[in-house]
Amino acid sequence: RAFGLESIHATRALTGWRHVYSGKVREVYESETDADALLVVASNRVSAFDHILEPEIPGKGELLTKLSRWWFDQLEVPNHLREPEGWDAELPAEISARSMRVAKLEMFPVECVVRGYLTGSGLKEYEATGTVCGVPLPEGLRDGDQLPEPIFTPAYKAPQGEHDENISFERVVELIGADAAAALRDLSLQIFAVASQRAAERGVILADTKFEFGVDPATGQITLADEVLTSDSSRYWDASLYSNLELPFAERLSSFDKQIVRNWLRENWDGEGTPPELPAEIVERTVARYQELLERLAS
Ligand code: ATP
Ligand code: MG
């Protein structure tokens, strides 16, 4: 990060909570009364290629929070939500609509990426090496192709300010031990299978996604954390457009996610210095697609 986030994102004083961390998208608070609890507040910021962009996307934080909550509820996996009756009574409604009260976990420094389709950084790595995170793939795959089966392609969650780095499964074993590595891989693939099935029933392709896990010190249990299966952490495509081979390629992969922002930025910025401001049309399209995904999946 080029500059201190704390200085550019005014954080709100929230009764009962102490601000401890500004991520690119979320603000994290510690409870003043319960050492085991965190408050994670999703902002309306959008980041791409490790830059926070201007302007914000109104409504984004609330939409992502709703989608995460919906998925946590669908998945039969221990998750980090800890929200006793009345937990948000002291919070302004506008904040609680984009907040989650969670268990403070010992996080694994691994981003658990699962890919069912080949695109983005996975495609880049495949084109260079024929593998993604050490997983060999068939020859001749092209952008947007479905993989023979979903693959686990972890990344090392670099310390603040550094780029996350794709790593092999063996490297995950070195980092967190064989048992935890296998558990994270198996859980990630299981959740991905359930979620892509659920999405397919609504005419949506889950192309890839990223999970984060931690251990709950209270129970010792591996627990699903962070945001889950949102339009920020996943690629979602419209199944009927994807399978219409008469459409131009870009339209087939028309997405319900942050790719809208990445694509615009790639066409309008050389990657040097400060990124240009997003035009109103891109802001509107992004929020409309995030909204549409939530409606498709969760209604
Ligand atoms: P970046 O700006 O690169 O995204 P980030 O991922 O650290 O950095 P955010 O995603 O905006 O920033 O902030 C959320 C942070 O909270 C993440 O670091 C995430 O790993 C962490 N986190 C999520 N859930 C929990 C939890 N239950 N316990 C502890 N930390 C958590
Ligand atoms: Mg994050």
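Each value in this text was obtained by applying a stated rule to the coordinates, not by laboratory testing. In this text the structure is predicted, and so the values were computed from the model without any measurement. Cβ coordinates were reconstructed from backbone atoms using ideal geometry, including for glycine residues, and neighbour counts include every protein chain displayed.
Taking the chain as a Gaussian network, where each spring joins two C-alpha atoms under 10 Å apart, which residue of 86, 144, 59 fluctuates the most? The residue with the greatest mean-square fluctuation here is 86. Backbone geometry of the range 228-238 corresponds, through the Karplus equation with coefficients 6.51, -1.76 and 1.60 at θ = phi - 60°, to 3J(HN,Hα) couplings of 9, 6, 8, 6, 7, 9, 9, 10, 10, 10, 7 Hz, x marking Gly and Pro. Distances between placed amide hydrogens fall under 5 Å for residue 37 paired with 31, 104, all partners being 5 or more residues away or on another chain. Using θ = phi - 60° in the Karplus curve 6.51 cos²θ - 1.76 cosθ + 1.60, the 3J(HN,Hα) couplings for the range 127-143 round to 5, 7, 10, x, 9, 10, 6, x, 8, x, 10, x, 6, x, 6, 10, 3 Hz; x is entered for Gly and Pro.
Across the range 218-299, C-alpha contacts under 8 Å between residues 6 or more apart give a mean separation that, scaled by the residue count, equals a relative contact order of 24 percent. Gaussian network model of the chain, Cα springs within a sub-10 Å range: biggest mean-square fluctuation belongs to which of 288, 250, 200? In this elastic network of the chain, the residue with the biggest mean-square fluctuation among 288, 250, 200 is 250. The mean of 1/r over all distinct Cα pairs in the range 216-295, once inverted, gives the Kirkwood hydrodynamic radius of 15.0 Å. Calculated on the alpha-carbon coordinates, the convex hull of the range 133-252 measures out at 142 cubic angstrom per residue.
Given axes a ≥ b ≥ c from the Cα gyration tensor, I'd like to know whether the range 59-102 is rounded (a/c under 1.5), prolate (a/b larger than b/c) or oblate. Since a/c reaches 1.5 but b/c is at least a/b, the shape of the range 59-102 is classed as oblate. Taking 27 Å as the straight-line reach from the Cα of residue 104, the lysines in range (excluding those fewer than 8 positions away in the same chain) are 24, 60, 66, 157, 210.
Shown here is the pair-distance distribution of the range 23-106: with all Cα-Cα distances grouped in 5 Å bins from zero up to the longest one, the shares run 3, 13, 22, 24, 19, 12, 5, 1 percent.
Overall form of the range 49-148: prolate. Here a/c, set by the Cα gyration tensor axes a ≥ b ≥ c, is 1.5 or more, and a/b is the larger of a/b and b/c.
Take every Cα pair under 8 Å whose residues are at least 6 apart in sequence, average their separation, divide by the length of the chain, and the relative contact order is 18 percent.
Histogrammed with a bin width of 5 Å, the alpha carbon distances of the range 187-234 distribute as 5, 20, 26, 21, 13, 8, 4, 2 percent, first bin at zero. Roughly what percent of Cα-Cα pairs across the chain reach past 35 Å? Within the chain, distances greater than 35 Å cover 16 percent of Cα pairs.
Under 5 Å between amide hydrogens, built in the peptide plane, is the criterion, and for residue 157 it picks out 110, 111 among residues at least 5 positions away or on other chains. Here the Karplus curve 6.51 cos²θ - 1.76 cosθ + 1.60, taken at θ = phi - 60°, turns the phi angles of the range 293-298 into couplings of 4, 4, 5, 4, 6, 9 Hz, with x standing for Gly and Pro. Select from 30, 111, 267 the residue whose mean-square fluctuation is largest in a Gaussian network model of the chain (Cα-Cα springs shorter than 10 Å). Most flexible of the set in this elastic network: 267.
Using C-alpha pairs under 8 Å with a sequence gap of at least 6, the mean separation divided by the residue count of the range 248-290 gives a relative contact order of 52 percent. Between the beta carbons of residue 241 and residue 36, assuming R0 = 51 Å, the FRET efficiency works out to 0.70 to the nearest 0.05.
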